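Encoded as structure tokens, the structure appears first; notes follow it.
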């Protein structure tokens with residue numbers, strides 16, 4: 001991905017989620033997609049996202065809900081998978097708890113992947129909320145300054 005980005009003229013900056021190489025209040029939004037389960041310290045990573053966001057900035061997180069059919073399948077077989085062996089899966093409520101603890105609020109939720117991966121033949125629909133779809137996206141807003 002790095003090579004592709006650089007070929008497209010995108011500047012790539014090395015860093016880790018728990019210690020971002022950016023000044024405070026630099027960005028209007030931060031994005032983590034299929035990342036949260038691989039973090040070493042979720043609280044530290046969320047604190048860093050909060051720190052680098054401008055007041056009223058948005059933090060968008062996409063992940064497989066551990067309570068969903070896909071999340072349960074990943075957990076059941078994680079030790080057999082080179083990538084998921086080290087993963088820590090989270091429920092929506094657990095992620096929201098971390099976000100609230102960090103100072104985020106004004107949550108919105110969307111979900112997708114309503115069928116097993118082997119059954120999907122077309123693009124899955126996107127619906128508001130969570131609890132039915134296996135992949136959930138949460139949008140949280142930085143509540144000004146802590």
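The values are calculated or read from the model by the stated rules, or taken from the named source; none is laboratory data. None of the values given here were measured: they were computed from a predicted structure. A quick note on method: Cβ atoms are made from the backbone with ideal geometry, for glycine too, and the neighbour counts reach across all protein chains shown.
Of the residues that make up region 103-110, is at least one buried (at least 19 other Cβ atoms within 10 Å of the Cβ), touching a helix residue (DSSP H, G or I) at 6+ places or on another chain (Cβ under 9 Å) and modelled with pLDDT under 95? Before the answer, list the steps.
Applying the first criterion (buried (at least 19 other Cβ atoms within 10 Å of the Cβ)) to region 103-110 yields 104.
Going one step further and asking which of them are touching a helix residue (DSSP H, G or I) at 6+ places or on another chain (Cβ under 9 Å), we end up with 104.
After this cut, where a residue has to be modelled with pLDDT under 95 as well, the list is none.
No - not one qualifying residue is present in region 103-110.
Can you tell me which condition residue 6 does not meet? The list is (1) out of contact with any helix residue (DSSP H, G or I) (no Cβ under 9 Å at 6 or more places or on another chain); (2) closer than 26 Å to residue 143 by Cβ, and all the others hold.
It fails just one condition, (2).
With 48, 119, 94, 124 as the choices, which residue is under 22 Å from residue 18 (Cβ atoms) and either in contact with a helix residue (DSSP H, G or I) (Cβ under 8 Å, 6 or more places away or on another chain) or surrounded by fewer than 18 Cβ atoms within 10 Å (Cβ to Cβ) (or both)?
Working: 48 fails: either in contact with a helix residue (DSSP H, G or I) (Cβ under 8 Å, 6 or more places away or on another chain) or surrounded by fewer than 18 Cβ atoms within 10 Å (Cβ to Cβ) (or both); 119 fails: under 22 Å from residue 18 (Cβ atoms); 124 fails: under 22 Å from residue 18 (Cβ atoms).
After applying the criteria, what remains is 94.
Can you tell me which residue among 36, 61 is within 23 Å of residue 133 (Cα to Cα), touching a strand residue (DSSP E or B) at 6+ places or on another chain (Cβ under 8 Å) and modelled with pLDDT of 95 or more?
Values: 36 fails: modelled with pLDDT of 95 or more.
None of the other options fit; the residue is 61.
Would you tally the residues in region 127-146 being farther than 20 Å from residue 68 by Cα, in contact with a helix residue (DSSP H, G or I) (Cβ under 8 Å, 6 or more places away or on another chain) and surrounded by 17 or more Cβ atoms within 10 Å (Cβ to Cβ)? Reasoning before the result, please.
The first filter runs over region 127-146 and keeps only residues farther than 20 Å from residue 68 by Cα, leaving 140-146.
Checking which are in contact with a helix residue (DSSP H, G or I) (Cβ under 8 Å, 6 or more places away or on another chain) leaves us with 140, 142, 146.
Adding the requirement that they be surrounded by 17 or more Cβ atoms within 10 Å (Cβ to Cβ) leaves 140, 142.
Here the count works out to 2.
Name the one entry in 143, 100, 127, 121 that is in contact with a strand residue (DSSP E or B) (Cβ under 9 Å, 6 or more places away or on another chain) and modelled with pLDDT under 95. Walk me through how you get there before you give the answer.
Values: 100 fails: modelled with pLDDT under 95; 127 fails: modelled with pLDDT under 95; 121 fails: in contact with a strand residue (DSSP E or B) (Cβ under 9 Å, 6 or more places away or on another chain).
Among 143, 100, 127, 121, only 143 is in contact with a strand residue (DSSP E or B) (Cβ under 9 Å, 6 or more places away or on another chain) and modelled with pLDDT under 95.
Would region 99-116 turn up any residue that is free of Cβ contacts under 8 Å to residues at least 12 places away in the same chain, within 20 Å of residue 38 (Cβ to Cβ) and in a helix (DSSP H, G or I)? Before the answer, list the steps.
Initial filter on region 99-116 (free of Cβ contacts under 8 Å to residues at least 12 places away in the same chain): 100, 115.
After this cut, where a residue has to be within 20 Å of residue 38 (Cβ to Cβ) as well, the list is none.
Among the residues of region 99-116, not one is free of Cβ contacts under 8 Å to residues at least 12 places away in the same chain, within 20 Å of residue 38 (Cβ to Cβ) and in a helix (DSSP H, G or I), which makes the answer no.
Identify the single condition in (1) under 30 Å from residue 131 (Cα atoms); (2) surrounded by fewer than 11 Cβ atoms within 10 Å (Cβ to Cβ) that residue 17 does not satisfy, given that it satisfies every other one.
Evaluating residue 17 over (1) under 30 Å from residue 131 (Cα atoms); (2) surrounded by fewer than 11 Cβ atoms within 10 Å (Cβ to Cβ) leaves (2) as the failure.
Please list, ordered by residue number, the helices (runs of 4 or more DSSP H) wholly in region 1-86 having 3 or more residues that are within 30 Å of residue 116 (Cα to Cα) and without any contact (Cβ under 8 Å) to a residue 12 or more places away in the chain. Lay out the reasoning, then the answer.
Values: elements: 2-7, 42-52, 69-77.
Output list reads 69-77.
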